[in-house]
Amino acid sequence: MMTGPTPTTHPHPQGDRRVRTWGLVCVLVLGWFAGAVSAQDDPSPIDWHAEPRQGALVVGQSDGLVDVSVDGEPVPVTDAGQFVLGLGKDASEPVQVDARWRDGRQATTTLTPKKREFQVQRIDGLDQDMVTPPAETLARIRAEAAQARQARQIISDHTGFAQPFVWPVKGPITGVYGSQRILNGEPRAPHWGIDIAASTGTPVVSPADGQVVLVHEDMYFSGGTLFVDHGHGVMSAFLHLDQIDVDDGQSVTQGERLGTVGASGRATGPHLDWRVSWRDVRVDAGLLVPPQ
């Protein structure tokens, strides 16, 4: 340990200045070294484009990112270092994201979903066959559900999911994601979409770039139904359409017309039921767009 004379008994101003100067240099050098080691050891940060909460579609991005897994399951990464994951309505357990960069650095991030409160929505006046379908329609309902499940399994390399989404149509919100639905007094499964009221014939546009992967003119529950794949497992569904203006397999760009609002299928009035999923996880479309 270096010690020096007490200034009050043996003052040496020049020596004190040298000691102070050397001490400052040591602090600066050590500080620079510590910063250099920290920058070298710490992996590139991931920018998260959404808060991790129940129902959220969370996009992560980092330069040089090449490999990502979510709870041990690999997910694709774009050339720009973007990836996506979805948190379901009841998600409560932390999600582990393991990432690796082009230069070999690795990091693990834990996302803990923030809890939300969901509404109870009562809808009366429905045709009872739409609440409790007759037995002769069950085969049709199962076949249509299988078509929808198959479409949601598509994992493409489209990158529309990373765009800021726009509203497919604007109007009063009459139903929200996650609400417990009571139909004609009978409790049913949660509502997975956002219902936007608009007049029949109002244009519906694509909220992001993508490709049409399912077109059905008249499903039992959802009527005119259209699915658009935005890439990496992110899918938009548009239900109760009056008219569909695109073809299966067609590429669409954000803002491009897809069809028009209607009241087909199980609906009490003209509106668009817009739903978004990530793989098999239903997420909240309302979290993807700014306030109207």
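The values are calculated or read from the model by the stated rules, or taken from the named source; none is laboratory data. Nothing here was measured: the structure is a model prediction, and the numbers come from that model. Every residue, glycine among them, receives a Cβ derived from its backbone with ideal geometry; neighbour counts consider all protein chains shown. To get the accessible areas, we keep the full protein, side chains included, count just its heavy atoms, and leave off ligands, DNA and RNA. Shrake-Rupley method; radii C 1.70, N 1.55, O 1.52, S 1.80 Å.
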> In this structure, is Ile155 closer than 15 Å to Trp278 by Cβ and either open to solvent by 10 Å² or more (accessible area, probe 1.4 Å) or over 26 Å from the mean Cα position of the chain (by Cα) (or both)?
Replying inline: yes
>> Among the residues of the range 195-213, are any open to solvent by 10 Å² or more (accessible area, probe 1.4 Å), at pLDDT below 95, among the small types (Gly, Ala, Ser) and out of contact with any Asp or Glu (no Cβ under 8 Å at 6 or more places or on another chain)?
In response: no
>> With the requirement that a residue be over 15 Å from Gly81 (Cβ atoms), assigned to a strand (DSSP E or B), among the hydrophobic types (A, V, I, L, M, F, W, C) and more than 16 Å from the chain's Cα centre (by Cα), what does the range 99-122 give you?
In response: Val120
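Looking for something free of Cβ contacts under 8 Å to residues at least 24 places away in the same chain and either out of contact with any helix residue (DSSP H, G or I) (no Cβ under 8 Å at 6 or more places or on another chain) or under 23 Å from Thr174 (Cβ atoms) (or both) - is there at least one such residue anywhere in the range 201-217? Give the derivation first.
Restricting attention to the range 201-217, the residues satisfying the condition of being free of Cβ contacts under 8 Å to residues at least 24 places away in the same chain are none.
No, the range 201-217 contains no residue that is free of Cβ contacts under 8 Å to residues at least 24 places away in the same chain and either out of contact with any helix residue (DSSP H, G or I) (no Cβ under 8 Å at 6 or more places or on another chain) or under 23 Å from Thr174 (Cβ atoms) (or both).
Limited to the range 216-240, what total is found for residues that are farther than 30 Å from Val77 by Cβ and either touching an Asp or Glu at 6+ places or on another chain (Cβ under 9 Å) or in a loop (DSSP other than H, G, I, E, B) (or both)?
Going through the range 216-240, the residues farther than 30 Å from Val77 by Cβ turn out to be 216-225, 239-240.
Cutting the leftovers down to either touching an Asp or Glu at 6+ places or on another chain (Cβ under 9 Å) or in a loop (DSSP other than H, G, I, E, B) (or both) gives us 216, 219-225, 239-240.
The total comes to 10.
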> Among Gly262, Gly233, which is the only one that is of a type in the set (Gly, Ala, Ser), over 20 Å from Ala145 (Cβ atoms) and modelled with pLDDT of 95 or more?
Replying inline: Gly262
>> Checking Asp98 against (1) at pLDDT 95 or above; (2) open to solvent by 90 Å² or more (accessible area, probe 1.4 Å): exactly one of these is not met. Which one?
In response: (2)
>> Out of everything in the range 242-278 that is buried (at least 18 other Cβ atoms within 10 Å of the Cβ) and among the basic types (Lys, Arg), what residue ends up being nearest to Lys170 (Cα to Cα)?
In response: Arg275
> For the range 65-95, what are the residues that are without any contact (Cβ under 8 Å) to a residue 60 or more places away in the chain and open to solvent by 30 Å² or more (accessible area, probe 1.4 Å)?
Replying inline: Val66, Asp67, Asp71, Gly72, Glu73, Pro74, Val77, Asp79, Asp90, Ser92, Glu93, Pro94
> If you take just the strands (runs of 3 or more DSSP E) that sit entirely in the range 45-98, which of them hold at least 3 residues that are within 20 Å of Gly231 (Cβ to Cβ), under 15 Å from the mean Cα position of the chain (by Cα) and not small (Gly, Ala, Ser)?
Replying inline: 57-61, 82-86
> Does the range 250-292 hold any residues that are of a type in the set (A, V, I, L, M, F, W, C), outside any loop (DSSP other than H, G, I, E, B) and under 21 Å from Ser156 (Cα atoms), and which are they?
Replying inline: Val252, Leu258, Trp274, Val276, Trp278, Val281, Val283, Ala285
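I'd like the residue in the range 129-142 that is under 16 Å from Arg188 (Cα atoms) and at pLDDT 65 or above and, out of all such residues, is most open to solvent (accessible area, probe 1.4 Å). Talk me through it step by step, then tell me what you get.
Looking only at the range 129-142, we keep the residues that are under 16 Å from Arg188 (Cα atoms), and these are 129-133.
Narrowing further to those that are at pLDDT 65 or above: 132-133.
Working: Thr132: 71, Pro133: 33 Å².
That would be Thr132.
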